[in-house]
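Notes for the one structure printed next.
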C-alpha cells in the first residue's frame, strides 16, 4: 500500500515493459524476471512434487484436487486431439508441464510484492517471468523444438517430415514454392506463441498499473476488477498456449499417419478406406 | 506543417489513433466469434462443448489488438 502511494507521486503510472538488470555474474546480467522465474520454478516443482506424493484414490480436496482436475483436463485434451490415443499419451507429460508452468507463473506474477512493491536501484526487484519477452520466447522456442523433434521422430526422418509440407511433387516449381512458404509460416509460430503470452501478461500488468494510478487513494478498489480479470486471462492464456502447441504437434503427426492412405491411392489407384481415415486402419498397416 | 507539429502534440494523436484503430478490429472479430458461438448454441445446445475452440479464436483475434497496444510504446 505504501509502495502504491509513492507511485502516485509520479507524473503517470509506472510502466515497465523491458526487464531490469539486478546484478551480474561474470558478464551475464541477471534480470529481475529471471530471478522471479527461478523462484517460481523452484516453488512450482516443490508444490507439484508434494502434491504427487499426496494423491490418493479417494480425493481429499483442496489444492490436490485442483491439480488433479488440471492434469485430467489437459490429459483428455491432448489425448483426444490425436488420431491415436496411445500416441497422444506419450506427449501428455510435456504439455501438462507447460500448462502448469505458464499458469502458475501467470498467477504468481499477480502477487502484490511482484512489480513496484520491492525496488532495487530504480528497477522492481521481481517481475513476472511470463511478462518478459525473453522468458516467453524461451518457452516458445523450447516448445516448438520439442514439437519439431517429436514430429520428425513420428514421421521417421527429417526428409520424410519435410515432405509433408509439399502437397504434390516438390520438383513441380509451384508446389515447391508453396511448400517453402509453408515452412516459413511454420517458423512464425514461435513468434506468435511467445508474443501472445508476453503481450497478454504485460498488458495486464500495465492495465492494473494504469487503473491503480487512476484510482488514486482508492487504488485497491479500482485495480481489483482488473486483477480478477487477469486471473482469468492468465488461465486462458495457459490453456491457449497448451492447446495451440498440441494442435501444431497433432497436425504434423496426424498428417504423417494419414500419408499411407495417400500412397495407396497413388500406387494402387483405389483407396482402402474412402473418406474415413480412422486411427485403427493407420495403426494396422504400420 | 512545422507550426502544427510545434503547437499540437502529435504523439498523443498518433497514439490515440493507433489504440482506436488497432482495437476496433479485434473488438469486431471477438464480437463475431461470440455472436456465432451463441447462435450455434441457440440452434443446437450440444454445440456448447466447443467453447474451448471459440476461446482459441478469441485469443488469436486478441493478439492483433495487443500488438497495436504494444506498438504505442515505440511512438516517441
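The values are calculated or read from the model by the stated rules, or taken from the named source; none is laboratory data. These numbers come from a predicted model, not from an experiment. Cβ atoms come from the backbone with ideal geometry, glycine included; neighbour counts cover every protein chain shown.
Between A:83, A:116, the distinction of being part of a loop (DSSP other than H, G, I, E, B), in contact with a strand residue (DSSP E or B) (Cβ under 9 Å, 6 or more places away or on another chain) and farther than 19 Å from residue A:238 by Cβ belongs to A:116 only. Residues in the stretch A:225-250 that are more than 11 Å from chain B (Cβ to nearest Cβ) and out of contact with any helix residue (DSSP H, G or I) (no Cβ under 9 Å at 6 or more places or on another chain): A:228 only.
For residue A:179, the requirement of being under 30 Å from residue A:250 (Cα atoms) and surrounded by 15 or more Cβ atoms within 10 Å (Cβ to Cβ) is met.
Residues are listed down the side, and each one gets a yes or a no for (1) touching a residue at least 40 places away in the same chain (Cβ under 8 Å); (2) more than 12 Å from every other protein chain (Cβ to nearest Cβ); (3) under 22 Å from residue A:238 (Cα atoms); (4) touching a strand residue (DSSP E or B) at 6+ places or on another chain (Cβ under 6 Å):
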position	(1), (2), (3), (4)
B:16	no, yes, no, no
B:27	no, yes, yes, no
B:39	no, yes, no, no
B:50	no, yes, yes, no
B:57	no, no, yes, no
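Figure legend. Inter-residue proximity from the stretch A:184-206: first residues within 11 Å of chain B (Cβ to nearest Cβ) and modelled with pLDDT under 90, second residues surrounded by fewer than 17 Cβ atoms within 10 Å (Cβ to Cβ) and not in a helix (DSSP H, G or I), beta-carbon distance below 9 Å, spacing 6+ or different chains. Indicated pairs: A:202/A:17; A:206/A:15; A:206/A:17. Can you name every residue in the stretch B:65-76 that is crowded, with 16+ Cβ neighbours inside 10 Å and more than 8 Å from every other protein chain (Cβ to nearest Cβ)? Within the stretch B:65-76, B:65, B:68 qualify.
Among the numbered conditions (1) under 24 Å from residue B:57 (Cα atoms); (2) surrounded by fewer than 20 Cβ atoms within 10 Å (Cβ to Cβ); (3) within 14 Å of another protein chain (Cβ to nearest Cβ), the only one that residue A:210 does not meet is (1).
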